[in-house]
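Participant: Here's a structure for you.
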């Protein structure tokens with residue numbers, strides 16, 4: 001696999017969390033978990049019935065041991081991928097999908113070599129020439145790069161193999177949504193109740209927004225924000241597919257200033273899932289990050305969390321979650337905000353499948369999922385309550 005490129009300062013930061021376990025953590029980052037999770041849209045379908053339908057078509061699928069709405073497919077591999085003369089180079093994000101069997105779409109193609117023609121067999125490779133899949137070219141590669149739309153390679157063999165969720169009729173019918181197991185626990189910790197106003201400050205692409213609606217059986221009003229107009233448009237399409245638009249109000253805004261731009265909001269619960277370094281996302285192919293990037297993101301994260309505290313009613317709840325693993329973006333963000341926002345206090349979370357703290361840090365508060373321990377993405381969840 002392509003090596004991870006993290007500068008020495010970032011590696012030191014990761015050692016604060018993992019110590020001697022760091023090499024094992026980094027090894028697990030470079031491969032997918034053994035389970036690919038999806039969430040059943042319980043406003044439209046019963047998870048047991050979805051499982052029965054899929055199994056009736058010969059698809060191997062399982063119910064999660066704890067979460068009612070969670071089902072999963074097995075991930076198999078790794079398999080050997082042949083490096084052919086004719087290759088298609090794809091970007092990092094596309095490679096990380098294709099490695100699990102997804103087709104190659106035009107926006108993810110960087111370059112085509114050796115005058116490859118439609119109908120020919122090709123190898124899909126990363127920028128660093130690591131083979132991730134084999135397939136058939138289905139469109140003129142150079143034209144596709146210009147137009148940026150459509151399938152370019154139909155993949156028939158990938159480094160790992162699992163179900164193509166987006167090809168299932170249950171997906172197009174809005175009955176399922178791809179979501180990691182730790183991300184599903186976020187809504188459980190938030191625990192929205194009927195009649196409440198819930199604000200999702202960094203909502204796109206809308207996975208947790210939709211889960212909030214489903215968890216509360218459509219009896220909450222959600223205000224979902226994102227600063228990107230295109231991301232909000234995509235989120236609206238996803239919420240429409242799920243049938244959740246009647247329950248969600250969407251806005252394009254920089255929510256670091258939500259308390260100034262939307263002073264009328266008095267939320268019962270606020271979800272803060274801010275932009276982060278995504279160091280917990282798997283599998284990683286050629287990931288490159290610096291410690292300076294971590295510190296920049298940390299400053300943003302603190303702003304989002306402080307803004308959340310100012311639109312929250314006394315007695316209300318904030319859940320802060322990230323798909324990253326550094327102390328700087330997780331425990332230390334929460335601790336700094338607690339120091340500045342005196343009305344907030346941390347509330348203990350109990351998730352039996354997670355661990356408390358990060359290898360000796362903050363043992364009594366917050367929870368984490370670790371790839372090499374839980375076979376999930378790396379994840380952090382904290383719960384804060386407003387006292388006054």
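Participant: Given the criteria assigned to a helix (DSSP H, G or I) and modelled with pLDDT of 95 or more, does residue 292 qualify?
Facilitator: yes
Participant: Now a separate question. Show me the helices (runs of 4 or more DSSP H) found entirely inside region 1-85 where at least 3 residues are outside the structural domain of residue 353 (by TED's automatic domain parsing) and touching a helix residue (DSSP H, G or I) at 6+ places or on another chain (Cβ under 7 Å).
Facilitator: Correct list: 8-18, 22-29.
Participant: Could you run through region 109-154 and say how many residues are within 20 Å of residue 285 (Cβ to Cβ) and in contact with a helix residue (DSSP H, G or I) (Cβ under 6 Å, 6 or more places away or on another chain)?
Facilitator: So the count comes out to 7.
Participant: Here's something else I'd like to know. Applying the selection to region 213-263, what residues are buried (at least 20 other Cβ atoms within 10 Å of the Cβ), in contact with a helix residue (DSSP H, G or I) (Cβ under 7 Å, 6 or more places away or on another chain) and assigned to a strand (DSSP E or B)?
Facilitator: 222, 224, 225, 226, 248, 250
Participant: Here are some residues: 210, 174. Which one is within 19 Å of the chain's Cα centre (by Cα), modelled with pLDDT of 95 or more, under 24 Å from residue 61 (Cα atoms) and part of a loop (DSSP other than H, G, I, E, B)?
Facilitator: Selected residue: 174, the only one of 210, 174 that is within 19 Å of the chain's Cα centre (by Cα), modelled with pLDDT of 95 or more, under 24 Å from residue 61 (Cα atoms) and part of a loop (DSSP other than H, G, I, E, B).
Participant: Something else about it: Checking residue 180 against (1) more than 14 Å from residue 322 (Cα to Cα); (2) in contact with a strand residue (DSSP E or B) (Cβ under 8 Å, 6 or more places away or on another chain), which single condition isn't satisfied?
Facilitator: (1)
The values are calculated or read from the model by the stated rules, or taken from the named source; none is laboratory data. As the structure is a prediction and not an experimental result, all values here were calculated from the model. Cβ sites come from the backbone with ideal geometry, for glycine too, and all protein chains shown count toward neighbours.
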